[in-house]
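Take a look at the structure below.
The numbers here are math on the coordinates, done by the rules we state, and not lab data. As the structure is a prediction and not an experimental result, all values here were calculated from the model. Cβ placement follows ideal geometry from the backbone for every residue including glycine, while neighbour counts extend to all protein chains displayed.
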Amino acid sequence: MTDNAASSSPLVAAARRESPPHTPVWFMRQAGRSLPEYRTVREGIAMLDSCMRPDLVAEITMQPVRRHGVDAAILFSDIVLPLKAIGMDLDIVAGVGPVIANPIASLTDVEAIPEMTPDAIGFIAEAIGLIIAELGETPLIGFAGAPFTLASYLIEGGPSRNHEKTKALMLSQPEVWDALLSRLAQISTVFLRTQIEAGASAVQLFDSWAGSLTKATYERHVLAHSARIFNAIGDVVPKIHFGVGTSLLLESMGAAGADVVGIDWRTPLDEATALLGPEYAVQGNLDPAVLFADWPVIEREVRRILAEGRAAPGHIFNLGHGVLPATDPDVITRVVELVHEVSAG
Ligand code: 1CP
C-alpha cells in the first residue's frame, strides 16, 4: 500500500473493508459535468486539449472537491485520452462522445496501434503533482477504460447502442479480438501505473458497456484481459471495477481482481453483497435520475442505500452511473452532507 496522507482516508479504508468514521462519498463524472465553474474554464477549449493541459486538469479535478466536500477527487481525463496520447486519430465531439477516424477491423489495424509509454502521458503525471499538492488528505482516484469498453469505441467508430460490430468481431475473429484487447490492456495498465506512481490513492477500471454481454461471453472473451490489468497493478492501491447493467456479471467482475465492485442502481447493495460474498467492498448506487426528484424522495433513497450498504464489508457511496449534465450542483452538495451525517451517527 502506498504511504501518503490519503492512504488512511475513509475511501481507502472502506475499499480495504476496514471501518471508516463515516461512509465515504464521491460521484462518477463529478468533474466536468454539471458545474458552472467547469463550463467557464472550458470555454473555447476542446475536450481532449483540456485533458492535456496540467493546469486545467488540476483545476477541473479540484472543482467538485472544493464545492461539495466529497471524499475523493477523480482525475479529469477520459477513457480514450490514452489512445489520443499514443497518436490515434480520434476526437471527443461535444454532445456525441469519442469518434474514431479509422475504426479497427483487422489484425493489421490492431498491429498499427502503438504501445503506451509513460513518456506519452507525462502531462498526466504533471497534473497529478499539482492535484496532490492541493488535495492534502483527500485521495485522488485514477481511472482507465477496460479493454472491452475501449474496443467498442475503436471498432464501432464511436458511441453505439447495440455494439454489433464489436460483438461480430469478438465472435467471428477471436484472434483479432484477443490481439486488440491485449494491446488495450497494455495501454490501460501503463495509464493506471502512471497515475498511481504520480500519487493516485485508488483506481477505477470503467467497463461501462460490459453489461451488454452474457456472463458466458464476458468470461470467455473479456475477463482475462481486464484481469491482466488488475494483476499488473498489484495491491499498491485499492482497485474498483465498474460497469452498467452488470447485475449478472458482478461475481465475474470481482473475480477479475477488484477490491471494490461498482454496482449500478438496478441491484440493491445487500443483494449484490449476497452474490459477491465477504471479500469485496461495494460502491454505489443511487440512480442519477433520482437527483431530479423532490428532496424528501432523494433523502429516502440515500437512507435506503446506506442501510443496504451496511450489509457489505465496505461501502463507498456513489451514483449507479455518472452525474447527468443537468443535475443541480446544490443537490449533490446536500447528498454529501446527508451521507456524512447519517453514516457518522
Ligand atoms: O468526473 C469526471 O467527469 C471525470 C472525467 C471523466 C471520466 C471518468 C470523463 C470526462 N470521462 C470519463 C470516463 C468515460 N468516458 C467513460 C466511463 C464512465 C461512464 O460510463 O460514464 C466513458 C464511457 C467515456 C466515453 C465518453 N466520453 C462519453 C460517452 C459516450 C457514449 O458512448 O455514450 C462521452 C460523452 C465522453 C466525453 C466526455 N468525457 C468527459 C467529459 C467532461 C466529456 C464531455 C466533454 C465535452 O462534451 O466537451
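Normalised by the number of residues in region 5-344, the mean separation of alpha-carbon contacts (under 8 Å, six or more apart) gives a relative contact order of 21 percent.
Under 5 Å between amide hydrogens, built in the peptide plane, is the criterion, and for GLN283 it picks out VAL261, GLY262, ILE263, ILE316 among residues at least 5 positions away or on other chains.
For region 131-261, relative contact order (Cα pairs under 8 Å, six or more residues apart, normalised by length) works out to 28 percent. Adding -39500 (n - 2.57) for every DSSP H run of four residues or longer, then dividing by how many residues the chain holds, sets the calculated 222 nm ellipticity at -14000 deg cm²/dmol. Do any GluC sites (Glu not before Pro) in region 12-55 lie in a DSSP loop with no more than 15 other beta carbon atoms within 10 Å, and if so, which? Of the GluC sites (Glu not before Pro), the ones in loops of region 12-55 whose Cβ has at most 15 other Cβ atoms within 10 Å are GLU18, GLU43. Per-residue 3J(HN,Hα) values for region 227-242, derived from phi via the Karplus relation 6.51 cos²θ - 1.76 cosθ + 1.60 with θ = phi - 60°, read 4, 4, 5, 4, 5, 5, 6, x, 9, 5, 9, x, 10, 10, 10, 10 Hz in sequence order (x marks Gly and Pro).
Distant-in-sequence amide contacts of GLY142, defined by a placed amide H-H separation under 5 Å and a gap of 5 or more residues or a different chain, comprise SER201, ALA202, VAL203, GLN204. Charge tally around SER226: other residues with Cβ under 12 Å, Lys/Arg +1 each, Asp/Glu -1 each, net 0.
Counted over the chain, the DSSP beta bridges are approximately 15% antiparallel.
Phi angles of region 10-22 translate, via the Karplus equation with coefficients 6.51, -1.76, 1.60 and θ = phi - 60°, into HN-Hα couplings of x, 4, 5, 4, 5, 5, 8, 6, 9, 10, x, x, 8 Hz per residue; Gly and Pro are given as x. Dipole check for the chain: with +1 at the C-beta of Lys and Arg, -1 at the C-beta of Asp and Glu, and the Cα centre as origin, the magnitude is about 440 Debye.
Counting only residues at least eight positions apart within a chain, or on another chain, the lysines with an alpha carbon under 29 Å from that of LYS215 are LYS165, LYS167, LYS239. Percent of alpha carbon pairs in the chain separated by more than 40 Å? More than 40 Å apart: 6 percent of the Cα pairs in the chain.
Under the combined filter of DSSP loop state and at most 12 neighbouring Cβ atoms within 10 Å, region 249-321 retains these GluC sites (Glu not before Pro): GLU279. Relative to the longest principal axis of the Cα atoms of the chain, the long axis of helix 54-68 makes an angle of roughly 30 degrees. In a DSSP loop and with at most 13 other Cβ atoms within 10 Å, the GluC sites (Glu not before Pro) in region 115-144 are GLU115, GLU137.
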